[in-house]
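Scroll down for the structure; my scribbles are underneath it.
Any read-out appearing in this document is the output of simple, stated calculations on the displayed coordinates, not a laboratory observation. All values reported here derive from a predicted model rather than from experimental measurement. Virtual Cβ from ideal backbone geometry, glycine too; neighbours counted across all protein chains shown.
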Amino acid sequence: MIAHARALIAEHGIEGLSVNEVVRLAGGSKATLAKYFGDRSGLIAAAIAEEAREAMVALHLQRDGLASGSLAESLRVLLTGVLRFYLQPGSLALYRAVVAMGAQDRSVAAALYDHGHREIVEAVAVVLRAYAKADGEKDELLRDLAEQMVHAIRAGLHEQALLGLIILPLPEQAIAGRIENTLALVLPGVEAALHA
């Protein structure tokens, strides 16, 4: 059902997602959908979460084996992948649909934020934890730093992409330049926070 929901969202947007069509394509029933997802919003949340998980797997961000290189190199690889994810057609379609719905269905907006954006922020925080002095009290700080880095790499570009003001896909040098500029801006503060 999740795969069919994702395909329909990509084609018609969230507002055009028909639960009946998902059930028909999946060969299931509304009872099955209700059992596993609760309702339409739960199905949308699962579709968003799957989109974010696939992006993280594509970046090889399993929680084991991190911190094999320098902090700068790990963040460079990670943030490049994150920026590419935010500029993918599927990701942009989800964001456009949620923005278009406005406050009509806050559960859908919460699903996008909780299961999309927060998953990505947590993946960045995991990398930061691998480089931090062992101190569980820094978890909130690391999540905040991760959140700020994710917003910094997206600033302007994501909005322009959402509005159709830039031609996608961006050239690799444009993505690399955004990542380098962001690291130049934030890395000294991040390193200081990790070793404080």
| remark: Residue count, the stretch 107-123, condition farther than 14 Å from L94 by Cα and either not small (G, A, S) or not in a helix (DSSP H, G or I) (or both), comes to 5
| remark: Residues in the stretch 152-179 that are within 15 Å of R76 (Cα to Cα), free of Cβ contacts under 8 Å to residues at least 40 places away in the same chain and of a type outside the set (A, V, I, L, M) total 3
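Out of the residues in the stretch 148-177 that are within 23 Å of Y131 (Cα to Cα) and not aliphatic (A, V, I, L, M), state the one that is farthest from the chain's Cα centre (by Cα).
Filtering first and then ranking leaves Q148.
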| Conditions: (1) farther than 18 Å from E54 by Cβ; (2) in a helix (DSSP H, G or I). Q104 meets all but one. Number of the miss? | (2)
| note | Of the residues in the stretch 6-40 that are in a helix (DSSP H, G or I), in contact (Cβ under 8 Å) with a residue 40 or more places away in the chain and within 18 Å of the chain's Cα centre (by Cα), the one that is surrounded by the most Cβ atoms within 10 Å (Cβ to Cβ) is I14
| query | Just checking, which of V127, V98 is farther than 30 Å from H195 by Cβ and over 11 Å from the mean Cα position of the chain (by Cα)? | reply | V98
| If we only count helices (runs of 4 or more DSSP H) wholly inside the stretch 124-196, which ones have 2 or more residues that are in contact with an Asp or Glu (Cβ under 9 Å, 6 or more places away or on another chain) and surrounded by 11 or more Cβ atoms within 10 Å (Cβ to Cβ)? | 139-154
